[in-house]
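Below is one structure; the comments refer to it alone.
A short reminder: the numbers here are calculations on the coordinates, not readings from a lab. As the structure is a computational prediction, the values presented were derived from the model and not from experiment. FYI the Cβ positions are ideal-geometry reconstructions off the backbone, even for glycines, and counts take in every protein chain you see.
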Amino acid sequence: MKLNHTEYKQRNISIWNEVAPRYHKRWASVNQGPFASTSKLVQLLDIQKDDSVFDLACGTGVVTKKISQKIDKSGFVIGGDTSVTAIKIAKKWNSSKSNLDFVNVDAENFYFSKKFDIITCQYALFFFPNAQKALRNMKKNLKKGGKIGITVHGASKKVPFFSSIFDAVTEFIPDYVPPGSPDLDRFGTKSSLKNEVKKGGFSKISVKNFVFNFNPGSFEVYWRNYLRYVAKPLKKKLDTLNREERKELKNLIKENVKPYTKKNKTIEFPWEVLILTAQN
Ligand SMILES: C[S@@+](CC[C@H](N)C(=O)[O-])C[C@H]1O[C@@H](n2cnc3c(N)ncnc32)[C@H](O)[C@@H]1O
């Protein structure tokens, strides 16, 4: 079955509703590995105390929280996401303030009556099946001269934490990600990200790359945690493999991880992140 955009989004919503609590606990709330980017993003945008900011696809509110610490009562920040579970966590985790709010919105279809000074979007642009629609929407909701800040993961080879498992799994299960899903790697280079944002009508585009290190422990811990945290629809696909195939898969992943395995048997992955800033 080939997913259309609506089906893909529905699937994504249910996946994020399922994984949001563990995503928050394991990644977002603890500033692990690639989440060192949150501070960089906020820093690059030079947020002022009275700025109005929209944090698109805010998830559990990690960027929103950092922004709320930069502004005072003369500014405000709103986080928006399609996952109700993520929004619930974001509300609970951020202390309640009159100039901070969270709403349930789709990136391709949101509208606010007041335009923002800044719109941020961390680790989500690649999830929007129609990224151009989302970018045009950001532009519509931004003041003239307003800024956007977009963070994405680098291309798959630059993020071996993902590719070591994903490349191996797709050899065994070609439809691990359902056909019709957007390519999550499509903005993983400076030029592809820049071109997409330029097409969306933005100017003064700058893309910086950062490489963070992430240590997921030993190979056994890395693989065990993957199986423990993976979303249910993917787990279901993995469960179709027989014992022999599972063993072969594990060995293949172990091979992929070898270049990043240190003498003490722990893994250290480099993790490339691209941060784009641009102006309306
Ligand atoms: C990797 S998380 C990033 C969350 C947050 N920005 C952060 O840095 O922790 C991706 C988020 O994108 C959200 N998302 C995916 N598609 C979306 C859409 N079409 N509109 C709004 N949010 C979306 C998901 O629900 C999820 O919370």
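Using a Förster distance of 30 Å, how high is the FRET efficiency between residue 218 and residue 170, based on the Cβ-Cβ distance and rounded to 0.05?
The computed FRET efficiency comes out at 0.80.
Antiparallel versus total DSSP beta bridges in the chain: what percent is that, nearest 5?
Antiparallel: roughly 50 percent of the beta bridges in the chain.
Note down the nm distance, to one decimal, between modelled labels 7 Å out along Cα→Cβ at residue 5 and at residue 261.
Each label point is offset 7 Å from its Cα along the Cβ direction, giving 4.4 nm.
Taking 7 Å along the Cα-to-C-beta vector as the label spot, tell me the residue 208-residue 49 distance in nanometres, rounded to one decimal.
2.4
Rounded, prolate or oblate: pick one for region 1-89, where a ≥ b ≥ c are the square roots of the eigenvalues of its C-alpha gyration tensor, a/c under 1.5 means rounded, and failing that, prolate if a/b is larger than b/c, else oblate.
prolate
Relative contact order for the chain using alpha-carbon pairs under 8 Å, separation at least 6, rounded to a whole percent?
Reported as a whole number, the value is 22 percent.
Please give the net charge around residue 213, taking every other residue with its beta carbon less than 12 angstrom from that of residue 213, where Lys and Arg add +1 and Asp and Glu add -1.
-1
Under the Kirkwood approximation for Rh and a Cα-based Rg, what ratio Rg/Rh is obtained for region 96-252? Show your work: numbers first, answer last.
Numbers: Rg = 19.1 Å, Rh = 18.4 Å.
On the Cα set of region 96-252, Rg over Rh gives 1.04.
In deg cm²/dmol, rounded to 500, what helix-only [θ] at 222 nm does the chain give when every DSSP H run of at least 4 residues adds -39500 (n - 2.57) and the total is split over its residues?
-12500 deg cm²/dmol
Which ordering of 60, 38, 261, 151 is given by a fewest-first count of other beta-carbon atoms within 10 Å?
Working: 60 30, 38 21, 261 16, 151 24.
By the 10 Å Cβ count, ascending: 261, 38, 151, 60.
For a quick check: with amide H placed at 1.01 Å from N, whose amide H comes under 5 Å from residue 79's, ignoring anything fewer than 5 positions away on the same chain?
Residues meeting the criterion, in which the H sits 1.01 Å from N, are 55, 101, 102, 103.
Determine the gain in length on full extension of the stretch residue 190-residue 251; use 0.36 nm per residue of separation and subtract their C-alpha separation, reporting nm with one decimal.
Between residue 190 and residue 251, full extension yields 18.7 nm more.
Extension gain residue 183-residue 162, at 0.36 nm per residue separation less the Cα-Cα distance, in nm?
Working it through step by step, the gained length comes to 6.2 nm.
7 Å from Cα along Cα→Cβ at both residue 130 and residue 31: what's the point-to-point distance in nm?
For the pair residue 130/residue 31, the computed spacing is 3.9 nm.
Just to verify a number: FRET efficiency for residue 22 and residue 241, C-beta to C-beta distance, R0 = 22 Å, to 0.05? Intermediate values should be presented prior to the final figure.
On the way: r = 23 Å, r/R0 = 1.04.
Given R0 = 22 Å and the Cβ-Cβ separation, E is 0.45.
Using the Karplus curve 6.51 cos²θ - 1.76 cosθ + 1.60 with θ = phi - 60°, work out ³J(HN,Hα) for each residue of region 207-212 in order, rounded to whole Hz, and write x for Gly and Pro.
Karplus values, whole Hz, x for Gly and Pro: 10, 10, 10, 10, 10, 9.
Please report the net charge: other residues with Cβ closer than 12 Å to the Cβ of residue 143, K and R +1, D and E -1.
Net local charge, residue 143 excluded: +4.
Could you tally the net charge around residue 115, taking each other residue with its Cβ under 9 Å from the Cβ of residue 115, Lys/Arg +1 and Asp/Glu -1?
Counting the neighbours of residue 115, the net charge comes to +3.
Quick one: which residues, 5+ away or cross-chain, put their amide H under 5 Å from the amide H of residue 181? H built at 1.01 Å from N.
Excluding prolines and chain starts, which carry no amide H, the hits are 3.
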